[in-house]
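Chemist: Input: one structure, supplied below.
FYI, it's all coordinate maths here, none of it is from the lab. This one's a predicted model, so the numbers in the text were calculated from it and none came from an experiment. Cβ sites come from the backbone with ideal geometry, for glycine too, and all protein chains shown count toward neighbours.
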Amino acid sequence: MKSERPVLRRCVSCRTLVDRRQLWRVIRLADGGLGLDMGMGRSAYLCPSSICLDEARRRKRLQRALRCQVSDSIIATLEARLRAAAPAGPEAR
């Protein structure tokens, strides 16, 4: 039986090569808008970490990779995802 090889993508912020299922995908759609996770168009991948998100915002890595402006609402949505995925309190350690 043929085993599936993981599809690797590079984070635009830290440049780490990771399986694409572990990364967030930001897409520049054909109609000019931006989307998250699903759709066809030019894509940029980002690690789901506050360090990579802050670095991408500060150095405009998503804008450069997608070749368009990335609205603050996309960044806010990614920050909300990050907060939702974060462990709730010290007992989670």
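Chemist: Using 0.36 nm per residue of separation minus the Cα-Cα distance, give me the extension gain between Asp54 and Leu8 in nm, one decimal.
Modeler: Result for the pair: 14.3 nm of gain on full extension.
Chemist: Counting Lys +1, Arg +1, Asp -1, Glu -1, what net charge surrounds Arg15 among other residues with beta carbon under 14 Å of its beta carbon?
Modeler: +4
Chemist: If you add up the charges near Gly35, with Lys and Arg at +1 and Asp and Glu at -1, over every other residue whose beta carbon is less than 12 angstrom from its beta carbon, what do you get?
Modeler: +1
Chemist: Which label belongs to the value computed from this structure, given these candidates for volume of the Cα convex hull per residue in Å³: (1) 131; (2) 112; (3) 93?
Modeler: Comparing each candidate, only (1) matches the computed number.
Chemist: Arrange the peptides 40-53, 10-23, 68-81 so that the one whose residues have, on average, the most other Cβ atoms within 10 Å appears first.
Modeler: Ranked from most to least packed, the peptides come out as 40-53, 10-23, 68-81.
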